[in-house]
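*Asks:* Quick one: the structure is below, questions incoming.
The values are calculated or read from the model by the stated rules, or taken from the named source; none is laboratory data. Quick caveat: nothing in here was measured; it's all calculated off a predicted structure. Backbone-built Cβ (ideal geometry, glycine too); neighbour counts: all protein chains shown. Calculation scope for accessible area: heavy atoms of the full protein, side chains included, ligands and nucleic acids excluded. Shrake-Rupley method; radii C 1.70, N 1.55, O 1.52, S 1.80 Å.
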Amino acid sequence: MKYLVMVQGSQADYDAMAGKPSEHSPAWSEQELQAMFAFMTEVSNDLAESGELIDAQGLTEPARARFVSAGEDGRPVITDGPYGETKEVLAGYWLVDCESLERVTEIAARITRCPGPEGLVEPPVVIRPVQDAGGAC
């Protein structure tokens, strides 16, 4: 079964990683950033070695995102970030092919142990099964 394992983040989180703290996101040191990147790379490498990894990517900050929606006249409405109304967005993901929900839950639990600065409150890791072509999960 394929699963999308997602980590969430806010613009404040990305700003904190760039050294600009906020009320909810402590500033990251260079050492903390390197530890986080090393941890994420290790997770991806282990999943590749086990044959479970399909893809893994980190995403850019919300300020570099673009929302496209349909306007009333049918023409696209394009909004560039950042988006004040959006608390958290997808920050990165792993697409994995695992034998069970229990196994992908183990992977997500490992991801929750990613290192970070003191006081960091991480949002939960989200697991979503990928719907197969037949429409059943």
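*Asks:* In nm, to one decimal, how far is the V77 label point from the Q34 one, both placed 7 Å along Cα→Cβ?
*Replies:* The answer from the label model is 4.7 nm.
*Asks:* Okay, next question. Full extension from E118 to Q57: what is 0.36 nm times the residue separation minus their Cα-Cα distance, to one decimal in nm? Write down the numbers at each step before the final one.
*Replies:* On the way: separation 61, 0.36 × 61 = 21.96 nm, distance 2.51 nm.
Going from the current span to full extension adds 19.5 nm.
*Asks:* Using 0.36 nm per residue, how much length does the chain from T105 to V126 gain when fully extended, once their Cα-Cα distance is taken away? Mind showing how you got there, number by number?
*Replies:* Values: separation 21, 0.36 × 21 = 7.56 nm, distance 0.94 nm.
That pair, T105 and V126, stretches by 6.6 nm at full extension.
*Asks:* Let me ask something else about it. Could you work out the Kirkwood radius for region 25-100, taking every pair of different alpha carbons, averaging 1/r and inverting it, reported in Å?
*Replies:* Values: mean 1/r = 0.0644 Å⁻¹.
It works out to 15.5 Å.
*Asks:* Work out which GluC sites (Glu not before Pro) in the chain are exposed loop sites (DSSP not H, G, I, E or B, at most 13 other Cβ within 10 Å) and give the longest gap free of them.
*Replies:* That gives 24-71 as the longest site-free run.
*Asks:* Based on C-alpha coordinates, I'd like the Rg and Dmax of the chain, in Å.
*Replies:* 17.0, 51
*Asks:* Could you work out what % of the accessible surface of region 14-69 is carbon and sulfur, using a 1.4 angstrom probe and leaving DNA, RNA and ligands out of the count? Could you put the intermediate results ahead of the total?
*Replies:* Values: 1870 of 3660 Å².
Reported share for carbon and sulfur atoms: 51 percent.
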